[in-house]
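Peer 1: Here's a structure for you.
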Amino acid sequence: MAKRTEKSTWRKTRDAVLRKKRDERNACTERNLYYYFIREIKKTWKEYAIIAAGAFLGILLLVLWIMYSNWIFRSTYKDFLR
């Protein structure tokens with residue numbers, strides 16, 4: 001079986017530095033989760049606004065369609081239902 005080759009010194013150093021940066025970033029994110037969410041919302045508020053407006057418009061159209069179809073039904077069959 002072949003022997004595993006070890007990483008070179010510069011790769012070990014690079015991996016250690018990257019691991020340290022990642023750990024610091026994770027620790028900072030865990031400490032400041034509130035600020036992380038605020039920053040993300042500031043970056044993506046337009047997308048959330050579009051989704052919310054579409055949902056509101058869809059619900060409004062559904063309610064108006066139900067009211068219209070109920071009005072049509074009542075005006076057509078009002079004598080039949082008495």
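Peer 1: Give all pairs with beta carbons closer than 7 Å in which a residue from region 16-36 that is part of a helix (DSSP H, G or I) and modelled with pLDDT of 85 or more meets a residue that is hydroxyl-bearing (Ser, Thr, Tyr) and loosely packed, with under 10 Cβ neighbours inside 10 Å; count only pairs at least 6 apart in sequence or on separate chains.
Peer 2: none
Peer 1: Separate question: Please verify whether region 53-73 includes one or more residues that are more than 33 Å from the chain's Cα centre (by Cα), surrounded by 10 or more Cβ atoms within 10 Å (Cβ to Cβ), at pLDDT below 80 and assigned to a helix (DSSP H, G or I).
Peer 2: Looking through region 53-73, at least one residue is more than 33 Å from the chain's Cα centre (by Cα), surrounded by 10 or more Cβ atoms within 10 Å (Cβ to Cβ), at pLDDT below 80 and assigned to a helix (DSSP H, G or I).
Peer 1: From the list Lys46, Lys3, Lys42, which residue is at pLDDT 90 or above, out of contact with any Cys (no Cβ under 9 Å at 6 or more places or on another chain) and exposed (fewer than 10 other Cβ atoms within 10 Å of the Cβ)? Break it down into steps so the answer makes sense when it comes.
Peer 2: Numbers: Lys3 fails: at pLDDT 90 or above; Lys42 fails: at pLDDT 90 or above.
Going through Lys46, Lys3, Lys42 in turn, the sole match is Lys46.
The values are calculated or read from the model by the stated rules, or taken from the named source; none is laboratory data. Everything numeric in this text was worked out from a predicted model, so none of it was measured. Glycine also receives a Cβ, built like all others from the backbone with ideal geometry; neighbour counts cover every protein chain displayed.
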